Amino acid sequence: MDIDASGPSTALTQFLIAHPTLHELALGYGSTSDELFYGDLVPTLIRPDMLPNLQNLEAHVRIITMLAEKGCKCLDNISHLWTGQGFYNDAPDVKDMLMKLATRNGLPRLKYLNFMAGDWASDHEENDGFFSRMEGFADIFPNLEVWVGPLPKNSSKMRALVLGRFAKLQKVEELYWNESGLGTTSMAGAVRRIAPRCPSL
């Protein structure tokens, strides 16, 4: 789909409603230095029963939030999720997504999560972002087995906190981190800290 198109897509939303057998859906997204663009849906058209067979989803965090707000039951079936914000640094978007997921049943069948943060994973995360809210991951993603994503790039304090929170994901079998900015020694230390805490790793 054309993610450069302006405004929510009525045609796209109607198409998804009319195709309940879809198993996979990729809604493109990206950003420039000052503008976010992504495959958008029309909130007033979203129905709780749309996409009942959806299992694999790639979408901007705002789309995940929207589906959760509308009580879409398809979130209960998602097993693989690719999400993030591109390079657009707007931490409240991520906070909103996690809060909305926490108020419903989370993503009970999610096994694979790929969070694509780009350059957004940095020190300002300490205050109001994705990493600072990982405490509730075990409730939101109770059956997560594979995590793909970054560690905080510039803060050793935040890296230590994040590593401790991974330990609550008792079913995690694989972790893939972006080691940019960590260095070999830091990454080795991170592995040594987290390995004993995750019994399935």
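Against the conditions (1) of a type outside the set (D, E, K, R); (2) assigned to a strand (DSSP E or B); (3) modelled with pLDDT of 90 or more, where does residue 53 fall short? Just the number, please.
(2)
What are the pairs, 6+ residues apart or on separate chains, where a residue within region 94-106 that is on the phi > 0 side of the Ramachandran plot has its Cβ under 8 Å from a residue that is surrounded by fewer than 19 Cβ atoms within 10 Å (Cβ to Cβ)?
Listed by first residue and then by second, the contacts come to 106/139; 106/142.
Residues of region 56-74 being in a helix (DSSP H, G or I), in contact with a Pro (Cβ under 9 Å, 6 or more places away or on another chain) and within 15 Å of residue 109 (Cβ to Cβ), which ones?
Listed by number, the residues that qualify are 73, 74.
Taking residue 61, is it modelled with pLDDT under 95 and either under 12 Å from the mean Cα position of the chain (by Cα) or surrounded by fewer than 17 Cβ atoms within 10 Å (Cβ to Cβ) (or both)?
For residue 61, the condition - modelled with pLDDT under 95 and either under 12 Å from the mean Cα position of the chain (by Cα) or surrounded by fewer than 17 Cβ atoms within 10 Å (Cβ to Cβ) (or both) - is met.
What are the residues in region 110-142 that are modelled with pLDDT of 80 or more and crowded, with 16+ Cβ neighbours inside 10 Å, if any?
Selection gives 110, 111, 112, 113, 115, 137, 138, 140, 141, 142.
For the subset of region 9-41 comprising residues that are assigned to a loop (DSSP other than H, G, I, E, B) and buried (at least 16 other Cβ atoms within 10 Å of the Cβ), which member is modelled with the lowest pLDDT?
39
Does residue 164 satisfy the criteria of being open to solvent by less than 30 Å² (accessible area, probe 1.4 Å), at pLDDT 75 or above, more than 22 Å from residue 103 (Cα to Cα) and not in a loop (DSSP other than H, G, I, E, B)?
no
Mind telling me which of the residues 152, 199 ends up being at pLDDT below 75, buried (at least 20 other Cβ atoms within 10 Å of the Cβ) and assigned to a loop (DSSP other than H, G, I, E, B)?
152
In this structure, does residue 44 turn out to be open to solvent by 60 Å² or more (accessible area, probe 1.4 Å), more than 26 Å from residue 105 (Cβ to Cβ), modelled with pLDDT under 95 and of a type in the set (Val, Ile, Thr)?
So residue 44 fails the test.
The values are calculated or read from the model by the stated rules, or taken from the named source; none is laboratory data. Quantities reported herein were computed from a predicted structural model and do not represent experimental measurements. Note: ideal-geometry Cβ built from the backbone for every residue, glycine included; neighbour counts use all protein chains shown. Accessible surface is based on the protein model in full, side chains and every heavy atom, while ligands, DNA and RNA are left aside. Shrake-Rupley method; radii C 1.70, N 1.55, O 1.52, S 1.80 Å.
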